[in-house]
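The next block holds one structure in the form of structure tokens; read it before the comments.
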Amino acid sequence: MLPKGWKILDRLEIDERFIQTYIYPDKSYLSILYGDVEFHKQKIVKENEFAREENYNGFSIIYGNVKSNRKEEFDAALNLMKK
């Protein structure tokens with residue numbers, strides 16, 4: 001289950017690979033990657049912003065630009081996706 005409130009869905013498909021990104025009004029995002037694709041995830045995290053990446057069964061799940069007040073919600077979403 002995704003964190004609520006996403007406004008933009010961006011999907012890029014190349015052969016049998018894809019990147020699907022959900023973008024939220026506060027500029028936080030959650031991306032799901034499948035196949036041999038690279039994603040330039042957030043390297044520098046600002047104070048009170050968080051990023052995380054999990055790999056599971058051929059998928060990479062990444063979130064970034066997440067403010068501290070939503071971190072628990074995004075962590076719960078990643079934890080559910082890993083099950």
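The values are calculated or read from the model by the stated rules, or taken from the named source; none is laboratory data. Values in this document were obtained by computation on a predicted structure and should not be read as measured data. Neighbour counts run over all protein chains shown; Cβ positions are idealised from the backbone, glycine included.
Scanning the stretch 53-82 for residues that are under 19 Å from Gly35 (Cα atoms) and not small (Gly, Ala, Ser) returns Glu53, Glu54, Asn55, Tyr56, Asn57, Phe59, Ile61, Ile62, Tyr63, Leu78, Met81, Lys82. The set of residues in the stretch 15-27 that are touching a Gly at 6+ places or on another chain (Cβ under 8 Å), at pLDDT 80 or above and surrounded by fewer than 17 Cβ atoms within 10 Å (Cβ to Cβ) comprises Asp15, Arg17, Phe18, Pro25. Looking only at the stretch 28-61, residues that are in contact with a Leu (Cβ under 7 Å, 6 or more places away or on another chain) and modelled with pLDDT of 85 or more come to 6 in all.
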